[in-house]
Amino acid sequence: MSIVDEVESISKNPSSVYLVVGGNDYWENQIINQLKEIIPQEERTMNFATYDMDDVPLSEAINDASSMPFFGNRRVVIIKNAFFLTGMRNKSKIKHNINELERYLDNISNNTVLLIFAPYSKLDGRKKITKKLKKNSTVINLNDFSEREIINFVKQYIDNKHYQISNDALNELFSRTQGDLSKMINELNKVMIYSNKEKKIDLNIVDLLVAKSINQNVFSLVNYLMKGKTTQAIQFYHELLEQKQDSIKINAILESQFRLLLQVKILKDHGYSAAMIAKSLKIHPYRVKLAYQSVESFTVDYLQAAYLELVQIECKLKSSQENPELLFEMFSIKFSQKKNSI
């Protein structure tokens, strides 16, 4: 069953326990909305509760789940940030008695729908509670929602609204939102209002209405550098500074992008596919796909030298009064000269 079908089935035929693995704001909101449909509006104050494990002991949520509904037929209890299912350490000083959840799973209430959000890429499968929860719950893995499924879902969403979108507009929307489904839907709703008369969305409309994030702007900057377009890169860098973007933040994102390019190049040379690299590095497939295509004409030594130089620029930006624009210009010129010599 697809994620779409799993979520839609919640209000129609709910399970007693759900485990939602992975973080995705859009689907999390959809799941919560589906659960709200189970409880009549007038009963939600007493029979619909959310507990954040960063702030509240697990025992409070389990006590609530074990209680009979208050003047109603069903109760919904939501547990957020179930970090105890992973190997990570949480900064919260709240202590959780995992045994109480284990006991609840041995005697699940028929009057309660218990939903546990674990917004992480991976759970610790060695833990007893993780094994038991997976065995006794309906698992919805948001990490399995692939790039293709996101694109197809958005296309269907647009079609259901009786709009049309060109492929290049959809690709640009995906790019500017970094494949974040929640952001894509939010931006689409804005775009649809603008396109209400003709109900057609093209690249110009997306370019006009969907703003680029700092990450997306820096990605454009990287593209100029990778193509040896030194003048355009320097001009674009000046524009970012004029927009009050912080030079240290720009350099940090550049540094991060070149580190990714270096990692992708090394793994690609060792025979890894883009999908294998995304899984290995735990990075969104879309970012890896773009990097995979970009590194073809570059050597490991070249990318490593560029990355290390950005690290040095970071040190200079943080410890001296050197001009950020001059540092970037020198880097761009040097980068272009090396590219032309490959």
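The values are calculated or read from the model by the stated rules, or taken from the named source; none is laboratory data. Predicted, not measured: the structure shown is a model, and the values here were computed from it. We place every Cβ from the backbone using ideal geometry, glycine too, and count neighbours over all the protein chains shown. Protein only, heavy atoms only, side chains kept; ligands, DNA and RNA dropped before computing areas. Shrake-Rupley method; radii C 1.70, N 1.55, O 1.52, S 1.80 Å.
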- Query: Counting only residues that are of a type in the set (Val, Ile, Thr) and more than 9 Å from residue 176 (Cα to Cα), which one in region 207-221 is farthest from the chain's Cα centre (by Cα)?
  - Reply: 218
- Task: Please determine, by comparing only the residues of region 224-237 that are in a helix (DSSP H, G or I) and open to solvent by less than 50 Å² (accessible area, probe 1.4 Å), which one is nearest to residue 310 (Cα to Cα).
- Result: 225
- With the condition kept exactly as written, say whether any residue in region 117-132 is under 27 Å from residue 55 (Cα atoms) and touching a Pro at 6+ places or on another chain (Cβ under 8 Å). no
- Considering each of 254, 303, 267 in turn, give the residue that is under 15 Å from residue 223 (Cα atoms), part of a helix (DSSP H, G or I) and under 24 Å from the mean Cα position of the chain (by Cα). 254
- Within region 27-50, the residues that are within 26 Å of the chain's Cα centre (by Cα), open to solvent by 30 Å² or more (accessible area, probe 1.4 Å) and under 13 Å from residue 114 (Cβ atoms) are 50
- The condition of being of a type outside the set (Lys, Arg), assigned to a helix (DSSP H, G or I) and either in contact with a Ser or Thr (Cβ under 9 Å, 6 or more places away or on another chain) or surrounded by 15 or more Cβ atoms within 10 Å (Cβ to Cβ) (or both) holds, among 140, 158, 116, 108, only for 158
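Listed here are the residues, each with its yes/no results for (1) out of contact with any helix residue (DSSP H, G or I) (no Cβ under 8 Å at 6 or more places or on another chain); (2) over 30 Å from residue 274 (Cα atoms); (3) open to solvent by 80 Å² or more (accessible area, probe 1.4 Å).
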position: 286; (1), (2), (3): no, no, no
position: 295; (1), (2), (3): no, no, no
position: 301; (1), (2), (3): yes, no, yes
position: 310; (1), (2), (3): no, no, no
position: 314; (1), (2), (3): no, no, no
position: 320; (1), (2), (3): yes, yes, no
position: 324; (1), (2), (3): no, yes, no
position: 331; (1), (2), (3): no, no, no
